[in-house]
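Structure first, commentary second.
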Amino acid sequence: MTTTMHDLAISAQDLRCSYGDFEAVRGIDLAVRTGEVFALLGTNGAGKTTTMETLEGHRRADGGSVSLLGHDPYGERAVVRPRVGIMLQESGFAGELTVAETVRMWLALSSAPPAAKGRREATLTAALERVELADRADTRVVQLSGGQKRRLDLVLATINEPDVVFLDEPTTGLDPESRQNTWDLIAGLRRTGATIVLTTHYLEEAEQLADRIAIMHAGRIAVEGTLAELVDDRPTRISFRRPADVTGVDVDRALRTILAPRHLELDARETVHIDVDDAQQALVRLLGWAEDHRHRLEQLTVNQASLSDVFAQIAADRTLQEDFA
Amino acid sequence: MSTTTQQMSVIARTEWRLITRNKTVLLSATLMPLAVAGMIAIQGVDQPDAGVGMSAMLIGLFTVLSIYLTVTITAVSRRQDLYLKRLRSGESSDVAIFGGLVIAPAVLCLGQLVVVFAILLAMGLEVPAQPWWLAVAVVGAVAMNLAAAVGTAAITPNPTAAQMSTVPFFFLVIGTLFASPFADNRFMDLTPGGALVTLARLAYEMPTPGAALSAIAGLVVWTAIGWEIAKRYFRWEPRA
């Protein structure tokens, strides 16, 4: 599918950001389509938050160009902000205000239709009920738990029904129930047509929510695509306990010949791991070999590559590359 | 669209609410003018030339305490708490955020000055012959202290450091307020305290080595210095 500039809510070309001499973002290209959920993943210090903050307009890019809804998010902040919702990585509330006062202040600072004077109280009530904070409306923010503050953060980011929502680690510190609730809210936002960019350390969050995923490492985007695209060219892993009636050396020799695997190893727990591209063909041959030699393959498992595998491999590969650079 | 004025008003009302919820701040803000008025009353308000010294001292003292120190510490704390970044993640303009933060302390300071001057006039303090020079002094001192506060906040990394970073300007104001009557030199107009003393002398038609223009220029220069430092170095979030 071809994507025109018109379809893009956010784009960046050769984006670079530095802190003094340290270049945190080293020339990345990004294109987020209107209405999609785009997840930005990466190891700690990969440059996710710096990238997010530059896309949001909190930081000026040190190189390259950024477009948010067709505008420069830093230079034309006043134009884009009414259409954007931002959930920061860390809260930033006036602790002595109550939850309701915080939301009221936010609505009063907004020009969006849900913040219109006559609608404010209804908007406030509905928003707090959505994130299960209605019973904490009169509680001072300083008395909220970390998870409750994250939920209040989410309210402020989404209450104005923005066209683009940036969510920086939206579920960090949330219990499983609240996390699921947040995922439902994000899914609901997506159904309204909002474009969502999120960073997260929870890979299952990206798998659940994102249409496309980019994984950053050391200031660069290592891979980008749909979940299927990211895992499709990764091998499937077949594992089983080494049969007692055959040595490790014999297993290794035999399976390398008949399967031609990408990778084969026998771990310390006597489990054989074989990484193959065509799992079906490899299974047929493996079971044939076992049948012919009357080996029983205990604890046989077949695992499709996951986002976690992709993530781990990128981190490991890139670390090696940097070590030898 | 929500205008800058509306946004400033919302942020200022929030700041006011935060001030009134802080019992320590509220108590000291209320007690300070009363305590100062009481101390002056003990010294006597009917001494010769008392009006000049007291007016300059009150304007200098109240603006440096209630505006300079308060705004510096508020700005640094709000930045440390990421509250400024939060405000900036919404629609509020930078002017609205700055304005909203400083209006409440400025109004509080003006209220304190009105109360203490009212008490002292009721006790017999001489009424100035040309009171508009005092009004100029108040406006100039408020502007100078606001700019100096934002400038100081720009170079102050955290609230703890604000205890030290505010000391130089604080003593500059207080020191030059006390020194001016003894340093009959027109260049004293270029100091924060000296400018206020000259304007107070003009208000009470007392001979002065300074002049209105140089005194106003002094206040404008200090305001410009503070504002320039703020423009160059102010950050909206804590330094990494």
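Report the A-B buried area as the accessible area lost on both sides summed, probe 1.4 Å, in Å² to the nearest 100.
Numbers: alone 16550 and 12060 Å², together 26210 Å².
Summing both chains' loss of accessible area gives about 2400 Å².
What fraction of the Cα pairs in the range B:160-240, stated in percent, has a spacing above 16 angstrom?
Numbers: 1851 of 3240 pairs.
When every Cα pair of the range B:160-240 is considered, 57 percent fall beyond 16 Å.
What is the packing order of peptides B:172-181, B:15-24, taking the mean over residues of other C-beta atoms within 10 Å and listing the highest first? Walk me through the numbers before you get to the answer.
Values: B:172-181: 19.0, B:15-24: 14.3.
The packing order, highest mean first, is B:172-181, B:15-24.
Over 20 Å, how big is the tail of the calculated P(r) for the range B:117-170, in percent of all Cα pairs? Could you put the intermediate results ahead of the total?
On the way: 681 of 1431 pairs.
It works out to 48 percent of all Cα pairs.
Could you bin all the Cα-Cα distances of the range A:28-144 into 5 Å bins starting at 0 and give me the percent of pairs in each, rounded to whole numbers?
Bins of 5 Å from zero give 2, 9, 15, 18, 17, 15, 14, 7, 2, 0 percent of pairs.
Relative to the longest principal Cα axis of chain A, at what angle does helix A:307-324 sit, 0 to 90 degrees, rounded to 10?
Computed tilt is about 80 degrees.
Dividing the convex hull volume of the alpha carbon atoms of the range A:96-185 by its residue count, what do you get in Å³ per residue? Please report the intermediate quantities before stating the final value.
Values: hull volume 8.4 nm³, N = 90.
Expressed per residue, the convex hull around the Cα atoms of the range A:96-185 is 93 Å³.
Calculate, axis by axis, the spread of Cα positions in the range B:1-74 along the three principal axes, and write the results as whole Å, longest axis first.
56, 26, 18
Taking just the alpha-carbon atoms of the protein assembly as shown, what radius of gyration and Dmax come out, in angstrom?
Rg and Dmax of the protein assembly as shown, Cα atoms, are 32.4, 119 Å.
Run the numbers on chain A and let me know its relative contact order in percent, using alpha-carbon pairs under 8 Å that are six or more apart.
Values: 571 pairs, mean separation 60.2, N = 325.
Value for chain A: 19 percent.
Take the range A:1-97, drop everything but the C-alpha atoms, weight them equally and run the Debye formula without solvent; then report log10 I(q)/I(0) at 0.12, 0.25 Å⁻¹ to two decimals.
With no solvent term, the Cα-only Debye profile gives -0.41, -1.46.
With each pseudo-label sitting 7 Å past Cα toward Cβ, what's the A:ALA116-B:ILE42 distance in nm, one decimal?
A separation of 6.2 nm, rounded to one decimal place.
Please report, for the Cα atoms of the range A:97-247, the Rg to one decimal and the Dmax as a whole number; what are they, in angstrom?
20.4, 79
Running Debye on the range B:12-155 with equal point scatterers at the Cα sites and no solvent, what base-10 log of I(q)/I(0) appears at q = 0.13, 0.17, 0.19, 0.21 Å⁻¹?
-0.62, -0.94, -1.10, -1.27
Could you tell me the center-to-center distance, by alpha carbons, between the range A:73-93 and the range A:132-199 in angstrom?
Between the Cα centre of the range A:73-93 and that of the range A:132-199, the gap is 15 Å.
Quick one: net charge of A:GLY85's neighbours, Cβ under 12 Å, K/R +1, D/E -1?
Working: positive: A:ARG81, A:ARG83; negative: A:GLU56, A:ASP153, A:GLU161, A:ASP163, A:ASP168, B:GLU91.
Cβ neighbours under 12 Å give a net charge of -4.
Under a 1.4 Å probe, what is the accessible area of the range A:55-209 per residue, stated in Å²? Mind dumping the intermediate values first?
On the way: 6200 Å² over 155 residues.
Here the per-residue accessible area is 40 Å².
Take each complete run of DSSP H in chain B, measure how far its Cα atoms stretch along the helix's own axis, and keep only those covering 18 Å or more with mean Kyte-Doolittle hydropathy at least 0.0; list them.
Working: long enough: B:4-21 (25 Å, -0.43); B:23-43 (30 Å, 1.52); B:94-122 (42 Å, 2.37); B:132-154 (33 Å, 1.73); B:212-233 (32 Å, 0.96).
For chain B, where a helix must reach 18 Å along its axis and average at least 0.0, the hits are B:23-43, B:94-122, B:132-154, B:212-233.
Against the longest alpha carbon principal axis of chain A, how many degrees, from 0 to 90 and to the nearest 10, is the axis of helix A:146-158 turned?
70
With a probe of 1.4 Å, find how much accessible area the range B:4-233 has per residue, and write the answer as a whole number in Å².
Numbers: 10090 Å² over 230 residues.
Value for the range B:4-233: 44 Å² per residue.
Could you give the Stokes-Einstein D for chain B in µm² per second, using the C-alpha Kirkwood radius, 25 °C, 0.890 mPa s?
Details: Rh = 18.4 Å.
So the translational diffusion coefficient is about 133 µm²/s.
When DSSP assigns beta bridges and you keep just the ones with both residues in the protein assembly as shown, what percent turn out antiparallel, to the nearest 5? Display every interim value, and only then the final one.
Working: 34 of 52 bridges.
Around 65 percent of the beta bridges assigned by DSSP in the protein assembly as shown are antiparallel ones.
Once label points are set 7 Å from the Cα along Cα→Cβ at both B:TRP132 and B:PHE182, what is their separation, rounded to one decimal in nm?
So the label points at B:TRP132 and B:PHE182 sit 3.5 nm apart.
So what's the angle, to the nearest 10 degrees on a 0 to 90 scale, between helix A:120-130 and the longest Cα principal axis of chain A?
Approximately 20 degrees, to the nearest 10.
Could you tell me the largest-minus-smallest coordinate of the C-alpha atoms of the range A:229-325 on each of the three principal axes, in descending order and whole angstroms?
Cα spread of the range A:229-325 along its principal axes, largest to smallest: 47, 27, 22 Å.
Count charges around A:GLU132 for me, please; just the other residues with Cβ under 10 Å from its Cβ, Lys/Arg as +1, Asp/Glu as -1. Don't skip to the end; give the middle numbers.
Values: positive: A:ARG130, A:ARG136, A:ARG151; negative: A:GLU129, A:ASP135, A:GLU177.
Net charge around A:GLU132: 0.
Could you give me the radius of gyration and the Dmax of the range B:86-160, taking only the C-alpha atoms into account and expressing both in angstrom?
16.8, 52
For A:VAL223, what residues show an amide H to amide H distance below 5 Å, using hydrogens built from the backbone and excluding near sequence neighbours?
It is A:ILE215, by chain and number.
Find the Cα radius of gyration of chain A, compare it with 2.2 N^0.38 Å by division, and give the number to two decimals.
Details: Rg = 24.4 Å, N = 325, 2.2 N^0.38 = 19.8 Å.
Compared with the compact-globule rule of thumb, chain A sits at 1.23.
Counting only DSSP beta bridges with both residues in chain A, what percent are antiparallel, rounded to the nearest 5? Write down the numbers at each step before the final one.
Values: 34 of 52 bridges.
Percentage antiparallel, nearest 5: 65.
The values are calculated or read from the model by the stated rules, or taken from the named source; none is laboratory data. Bear in mind that the values here come from a model prediction, so they are computed numbers and not experimental data. Note that each Cβ is placed from the backbone with ideal geometry, even for glycine, and that neighbours are counted across all protein chains shown. Quick note on the areas: whole protein, heavy atoms, side chains included, nothing else; ligands and nucleic acids left out. Shrake-Rupley method; radii C 1.70, N 1.55, O 1.52, S 1.80 Å.
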